[in-house]
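Notes to accompany the following structure.
The values are calculated or read from the model by the stated rules, or taken from the named source; none is laboratory data. Because the structure is a prediction, the values reported are computed rather than measured. Glycine also receives a Cβ, built like all others from the backbone with ideal geometry; neighbour counts cover every protein chain displayed. Protein only, heavy atoms only, side chains kept; ligands, DNA and RNA dropped before computing areas. Shrake-Rupley method; radii C 1.70, N 1.55, O 1.52, S 1.80 Å.
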Amino acid sequence: MEVLIIGAGATGLKCAARVRRRNEDAKITVIDKEKKISLGRCGLPYFVSGLVHELDELRKTTYGALRDENYFKKIFNLDVLTETEALEIDRKRRVVKVRKREKEDELNYDYLVIATGAKPVRLFGGDERILTFFDAEDAEKILNLWENGAEKAAVIGAGFIGLELCEALRNIGMEVSLIEAMDQVAPMLDAEMAKLVESHLKENGIDIHLSTRVREIVAKEKLKVIADEEIEADIVVQAVGVKPNVEIAKKAGIELGETGAIRVNEFLQTNDERIYAGGDCVENRHLVTGKMVFAPFGDIANKHGRIIADNITGKKSKFPGIIGTFIFKVFDLTVAKTGISEKEAFLNGFKAKSVRLSVPDKSHYYPKSSNMRIKLVFEENGRVLGAQIVGIAGVDRRIDVFATAIYAGMKLDDLANLDLAYAPPYAPALDPVIVSAYVAINKLEGLFETTRDLAGIVLDVRSEEEAKKNPVPNSINIPILELRERAKELPEDAEITAICSLGLRAYIAQRILRSMGYRVKAYEGGIAFL
Ligand SMILES: Cc1cc2nc3c(=O)[nH]c(=O)nc-3n(C[C@H](O)[C@H](O)[C@H](O)COP(=O)(O)OP(=O)(O)OC[C@H]3O[C@@H](n4cnc5c(N)ncnc54)[C@H](O)[C@@H]3O)c2cc1C
């Protein structure tokens, strides 16, 4: 059996290795147009920031072996042909026309795997200081320009790659302007969660321009980024997304889906039963919305590689779809999401509800405890649709629990009863995931009546000291411990919004005052969301 794989990235090499593990006799050839294969793109921000010293570190195994052609030959007995571009697929003859340097050749296959990945969207060019941030060459160019005196960078695009890059550039001491066409950073999050990220970026010296569409970049001694305003920079990096690399597939009559990426069935097979495709060049079914989406992520690419290899070597393996889980670090914050946001729930016609809350990541008395902000999206029947978390610590663990819950189709009651690990250095006795489910259930049952506006009389129920230190504008302060005695000070017929630092005391205040007949709502999630 001859297996030919186009693309020696995450999908292609994972697939090749697994085909070999399952079949010692297959002839496996992987081709890639690049010279250096198997570079973990996800590590590029950390190379720019100086945390990773050598690019080759991103190509090594856990035990330090460089994953080059030699490595793959020795360990897996497979041929990796570098600097070899696939030009055309002849499906009738089952051959791929390739070119290495100027020389053209043909390679046969019994099974072909298209793992051509994605390519960066490039809006502007024409000057070596106007870059994208996609591969090793881009990272090296950025560092070269910096070593040669570039001090100011403009990053276009506030998605996760743009934000990771902002941090990397600040870490090497550059001034950074971030330009985003949407009215928020991290457009995949709901606005109030993105606001938390935005504040943190500002605290770390990023100059942010939202709702700013770049029209032109004028290259003189300095670069002038022309939008509604002009932003001067020494380098401009475009991080405005990627698109699937599908030309070769399209030319061969391989069907594309509605997203423009290759359409595959659940076995990751294209409309040609001899041709499989996976990774960033294919579309995936979103298991929450049921729609096809383009989800270019490294973990998915690896999973695709394994499943394709299984199918080629005789084990029927299915890839059901994705739920859009991601995580990234920006300065001291970790930002993560799984499932869908409230905005996406609305756009997809769900009758969704949501809660947002602030909870400690570990027991509050344990050193370095910090508060994470969670937004949970769910249906009236309790089905969990999505979660977003922004925090300093413990975000990774919680987002994965939410992801598992969503994948398994769990409801809020299931989530509330999960047996999660607890000890003070790791979690409060009630884990943030469980507290989120409790709060959501309380909201659905009408016990927790909330608002996201400061309407009517704003009642700050924090201690006097907290209120003085960080006042809520136009509020009155009655500490929660005094509320039962002092409630009479509040006008009986007024609308009241109770607020506190995390949301818990506001909830308690709401229950106390409600039992006394007041019209009161609790401000959801505490003052971090103001
Ligand atoms: C800066 C950055 C940071 C990222 N961070 C994360 C992260 O933290 N988490 C995450 O999940 N994902 C992350 N990603 C995304 C992740 O890197 C991709 O999803 C993953 O690499 C996709 O794997 P792939 O095999 O589909 O494509 P790739 O790994 O891109 O491999 C495709 C290969 O195909 C080759 N090729 C294409 N066309 C041809 C042709 N005609 N002939 C020969 N060879 C060809 C290319 O040269 C390339 O080597 C990041 C991406 C970038 C750019």
**Q.** Computed over the chain: relative contact order in percent, which uses C-alpha pairs under 8 Å that are six or more apart
**A.** 11
Q: Name the shape class, rounded, prolate or oblate, that the alpha-carbon gyration tensor gives for the stretch 438-487, where a ≥ b ≥ c are the square roots of its eigenvalues, rounded holds for a/c under 1.5, and otherwise prolate holds if a/b is larger than b/c and oblate otherwise.
A: prolate
Q. Which value at 222 nm does the chain reach when only helices count, each DSSP H run of 4 or more adding -39,500 (n - 2.57), with the total divided by all residues and rounded to the nearest 500 deg cm²/dmol?
A. -7500 deg cm²/dmol
Q: Starting from the Cα of R213, step 7 Å along the direction of its Cβ; do the same at L430; then give the gap between the two resulting points in nm.
A: 4.7
Q. Sorted by accessible area with a 1.4 angstrom probe, largest first, how do D272, D332 fall?
A. D332, D272
Q | Projected label distance in nm at E203 and E449, using a 7 Å step from Cα toward the beta-carbon | A | 3.4
Q. To the nearest Å, what is the center-to-center distance of the stretch 293-312 and the stretch 317-389, using C-alpha atoms only?
A. 24
Q: Kindly report, to the nearest 10 Å², the accessible surface of E273 as traced by a 1.4 Å probe over protein heavy atoms only.
A: 130
Q: Name the shape class, rounded, prolate or oblate, that the alpha-carbon gyration tensor gives for the stretch 21-127, where a ≥ b ≥ c are the square roots of its eigenvalues, rounded holds for a/c under 1.5, and otherwise prolate holds if a/b is larger than b/c and oblate otherwise.
A: oblate
Q.
Tell me the carbon and sulfur percent of the accessible area for the chain, rounded to whole percent, probe radius 1.4 Å.
A. 48
Q.
If I ignore ligands, DNA and RNA and count only protein heavy atoms, how much of S515 is accessible to a 1.4 Å probe, in Å² to the nearest 10?
A. 90
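Which whole-number percent is the relative contact order of the stretch 84-126 (Cα, under 8 Å, 6+ apart)? Can you show the working numbers first?
Details: 43 pairs, mean separation 10.8, N = 43.
Answer for the stretch 84-126 is 25 percent.
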Q: If a/c stays under 1.5 just call it rounded; otherwise compare a/b with b/c (prolate if a/b is bigger, oblate if not). Do that for the stretch 317-468, with a ≥ b ≥ c from the square roots of the Cα gyration tensor eigenvalues.
A: oblate
Q | Inter-part distance where the stretch 72-130 and the stretch 1-40 are each reduced to a Cα centre, Å | A | 11
Q. Hey, if you drop one equal point scatterer on each alpha-carbon of the chain and run the Debye formula without solvent, what base-10 log of I(q)/I(0) do you get at q = 0.11, 0.12 Å⁻¹?
A. -1.05, -1.19
Q) Given 20 °C and 1.002 mPa s, how large is the Stokes-Einstein diffusion coefficient of the stretch 274-338 in µm²/s, with Rh as the Kirkwood radius over Cα pairs? A) 163
Q) Rank K411, K316, K195 by accessible area, highest first, at a 1.4 Å probe radius? A) K316, K195, K411
Q: Could you please report the charge total around A403, scoring K, R as +1 and D, E as -1 over all other residues with beta-carbon less than 13 angstrom from its beta-carbon?
A: 0
Q. How much net charge surrounds V293 when only other residues with a Cβ under 13 Å from its Cβ are counted (Lys, Arg +1; Asp, Glu -1)?
A. -1
Q: Give the accessible area for E69 in Å² (nearest 10); use a 1.4 Å probe, count only protein heavy atoms, and leave out ligands, DNA and RNA.
A: 60
Q: Provide the per residue accessible area, probe 1.4 Å, for the chain, rounded to a whole number of square angstrom.
A: 46
(Q) What percentages make up the Cα-Cα pair-distance distribution of the stretch 352-396 when the bins are 5 Å wide from 0? (A) 6, 24, 23, 18, 14, 10, 5, 1
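Sorted by accessible area with a 1.4 angstrom probe, largest first, how do Y407, Y46, Y438 fall?
Order by accessible area, largest first: Y407, Y438, Y46.
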